[in-house]
Amino acid sequence: MQFQGKVVVVTGAAVGIGHAALRAFAAEGAAVVLVDRDKKQSEAVAQALETEGREVLFVPTDVSHEAEVRSMVDHVADRWGRLDILVNNAGVYLQGDATQTSLEDWERILAINLTGAFLCTKYAVPVMANHGGGVIVNVASEAGLVGIKGQVAYNVSKAGMIALTRSCAVDLAEKGIRVNCVCPGTTDTPLVRAAVSRDPDPAAARRRLEAIRPLNRLGIPEEIASAIVFLAGSDVGYATGAVLSVDGGYTAQ
Ligand SMILES: NC(=O)c1ccc[n+]([C@@H]2O[C@H](COP(=O)([O-])OP(=O)(O)OC[C@H]3O[C@@H](n4cnc5c(N)ncnc54)[C@H](O)[C@@H]3O)[C@@H](O)[C@H]2O)c1
């Protein structure tokens, strides 16, 4: 129960990696805050966790809207007076090279994947600092480390997330706040299932995604959640600005 007494905010926690991380922190004793824009799925998750005896709060939020993020953090501060760990996980995916990507889509992907993390950080930091510090874990991607073909806006948003991690690690150390980053490889979540299902041959598309990495399989959300929990924990209290790949060996090639 390494997070007993701690308050943990996870964005994009209704499904997929965020959901697995939310559950992992709750299992370690944390009070967890589910931040997501999908009301129906989030309410179901919050109810399930409550039934299991966990302390959980769902705050409907679009992380790309400043007023909603500010109000979400206020809500957390009003309820507990503290915020110990923030996981910036909410994200969306888009295919297309520069010629195929509209300006509107480019701005939407950056607004959610990168500006959303900036806004949550901006408003969470004063609450964290008030209580002596905290930890931020950003969920970037293998796509932030290398240029994956045909997904320019997504790649750039994730490279930005790595830069945000390093900048904030340097800026916030004096406030007792560590900032680290996980770079997942393709992981079996609704995001990936939706992308695969758009292919004319979904089974072949999935096999292709598996075969391009040394471990020859997709990740599972719990494996990424374990890395998030690890970077948030005090066992690695010396880690800040760290970028941890959990990608089946994709970027080692
Ligand atoms: N699945 C992968 O292969 C993979 C690989 C590398 C990185 N990632 C990153 O991990 C994170 C989680 O991915 P996932 O696969 O679990 O995605 P997912 O689509 O399965 O779940 C994302 C969650 O974020 C929420 N969300 C989306 N936009 C939001 C917004 N504006 N405000 C609040 N909530 C919002 C969705 O409602 C959903 O619950 C994303 O940042 C993604 O880019 C995923």
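General remarks:
- Whether a residue is in contact with a strand residue (DSSP E or B) (Cβ under 9 Å, 6 or more places away or on another chain) and either charged (D, E, K, R) or within 15 Å of the ligand (Cβ to nearest atom) (or both) was assessed, and residue 95 passes this test.
- Just so you know, in the range 86-110 the residues that are hydroxyl-bearing (Ser, Thr, Tyr) and surrounded by 15 or more Cβ atoms within 10 Å (Cβ to Cβ) include one that is nearest to residue 25 (Cα to Cα), and it is 93.
- Close pairs from the range 217-236: first in contact (Cβ under 8 Å) with a residue 24 or more places away in the chain and part of a helix (DSSP H, G or I), partner within 11 Å of the ligand (Cβ to nearest atom) and among the small types (Gly, Ala, Ser), Cβ under 6 Å, at least 6 apart: 221/16; 221/20; 222/20; 225/20; 225/21; 228/21
- For residue 126: the one exception among (1) surrounded by fewer than 21 Cβ atoms within 10 Å (Cβ to Cβ); (2) part of a helix (DSSP H, G or I); (3) in contact (Cβ under 8 Å) with a residue 24 or more places away in the chain: (3)
- Any hit, the range 170-177, residues being within 16 Å of the chain's Cα centre (by Cα), at pLDDT 95 or above and away from the ligand (no atom under 11 Å from the Cβ): no
- Contact map, the range 183-194: first residue free of Cβ contacts under 8 Å to residues at least 60 places away in the same chain and farther than 25 Å from residue 163 by Cα, second residue more than 6 Å from the ligand (Cβ to nearest atom) and among the hydrophobic types (A, V, I, L, M, F, W, C), Cβ cut-off under 7 Å, separation 6 or more or different chains; pairs are 188/218; 188/220.
- Taking each residue of the range 100-118 that is free of Cβ contacts under 8 Å to residues at least 12 places away in the same chain and looking for partners that are within 15 Å of the ligand (Cβ to nearest atom) and in a helix (DSSP H, G or I) with beta-carbon atoms closer than 6 Å, six or more apart or interchain, yields nothing.
- The number of residues in the range 11-56 being more than 10 Å from the ligand (Cβ to nearest atom), touching a helix residue (DSSP H, G or I) at 6+ places or on another chain (Cβ under 7 Å) and of a type in the set (Val, Ile, Thr) comes to 3.
- Qualifying positions in the range 214-241 - under 15 Å from the mean Cα position of the chain (by Cα) and either among the hydrophobic types (A, V, I, L, M, F, W, C) or under 19 Å from residue 134 (Cβ atoms) (or both): 220, 224, 225, 227, 228, 229, 230, 231, 232
The values are calculated or read from the model by the stated rules, or taken from the named source; none is laboratory data. Since the structure is predicted, the reported quantities are computational estimates derived from the model, not experimental observations. No Cβ is skipped: glycine too gets one built from the backbone with ideal geometry, and neighbour counts run over all protein chains shown.
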